[in-house]
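The values are calculated or read from the model by the stated rules, or taken from the named source; none is laboratory data. Remember, it's a predicted structure, so these values are computed and weren't measured experimentally. Note that we place each Cβ from the backbone using ideal geometry, even for glycine, and neighbour counts take in every protein chain shown.
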Amino acid sequence: MKKPAALSSGLVAIKGSAAPAHDMPTRSASLAPTPGPDPEGGLQPLNFRVGAEFRREFKTYAAAHDLKLNELLRRSFEAYRKQHGD
Amino acid sequence: MHERLQVIVFASQKGGVGKTTLTANLGVAAEMAGDGPAVLIDTDPQGSLAAWWNAREAETPALAPTTLNELPAKLQALGEAGFRYAFLDTPPAITDAIRAVVKRADFVLIPVKASPHDLRAVGRTVEIAQDEGKSFAFVVTQAKSNALLTVQAMAALSEHGVVSPSVMHDRVDYAASMTDGRTVQETDGRSRSASEMAELWEFVKGKMNESTKARKAKVA
């Protein structure tokens, strides 16, 4: 017959309090990076000026959503085109 | 004198292969087979195993919270407290952190779906187990019934290591039982899924006994 485990406080979880190991690297960071799309001819520079306020907001939004600036621009452009039906 | 705690680590680079479902089901299978006390450890930051356990009414198997740093000391303490088997769920990745968890294993169970992508990805998980000198076995998960692919996958895997003869089939009761903190053996003990889990536990236990005997023979 099996014997019950001798439990000391903190050794095992109580219902509702169980949680995973918090110091395991996150799943997304630990997986092998997936290669992004390889645009034909590689990436090209695209330079234009915008207002200081817009520049700050754009960069802040990209950083907050873990997006590269060019990716945010590309998605915005796609959304704009979709919105205008072309 | 109490028996030493045996540690089973569920590892796979691929996600969605059923690691958490297997960990929970085998932990319960061990208890139901009279091999407890068993304890579950969730090292996946997604926390699905811990969430399942919180939703569960039964107190066994236990779940032990830990951090990676504390893991060796925690396993030692669990062994001293009389636990016989620890079941460790891991995130889908190949990292030094996974290697650190595998290092603590007595046995590594590698769930693999019978798909070309999964079969290709299995090599790196095997490498970690081999690098650390750990006994391991594959178990085919989410298999379609009577699928030739399952047989082919088992044949392909057997070239790299031992394959569990018990296959985990793709059935609704695995997911359904997990939603309210139970396992297939607890929702319907006479179901085919319940038999699979009982057989898989006997297989894993048998393999661990073999490796323990081999280790003892080496020491002697």
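Observations
- Within the option set B:ARG4, B:ARG99, being away from chain A (no Cβ under 11 Å), surrounded by fewer than 24 Cβ atoms within 10 Å (Cβ to Cβ), modelled with pLDDT under 95 and part of a helix (DSSP H, G or I) holds for one residue only, B:ARG99.
- Single condition A:LYS59 does not satisfy, out of (1) at pLDDT 85 or above; (2) out of contact with any helix residue (DSSP H, G or I) (no Cβ under 8 Å at 6 or more places or on another chain); (3) charged (D, E, K, R): (2)
- Number of positions in segment A:47-86 that are touching a residue at least 24 places away in the same chain (Cβ under 8 Å) and exposed (fewer than 12 other Cβ atoms within 10 Å of the Cβ): 0
- For segment B:21-36, filtering for residues that are crowded, with 24+ Cβ neighbours inside 10 Å and not hydrophobic (A, V, I, L, M, F, W, C) leaves 4.
- Within segment A:66-78, none of the residues are over 30 Å from B:ALA38 (Cβ atoms), within 14 Å of chain B (Cβ to nearest Cβ) and either at pLDDT below 85 or in a loop (DSSP other than H, G, I, E, B) (or both).
- Pick from segment B:50-68, criterion outside any loop (DSSP other than H, G, I, E, B) and facing chain A (nearest Cβ under 7 Å), ranking: surrounded by the most Cβ atoms within 10 Å (Cβ to Cβ): B:LEU63
- Within segment B:7-47, restricting attention to residues that are more than 8 Å from every other protein chain (Cβ to nearest Cβ) and touching a Gly at 6+ places or on another chain (Cβ under 7 Å), the residue that is farthest from B:GLY206 (Cα to Cα) is B:LEU40.
- Residue tally, condition closer than 25 Å to B:LEU5 by Cα and not in a helix (DSSP H, G or I), over segment B:102-125: 9
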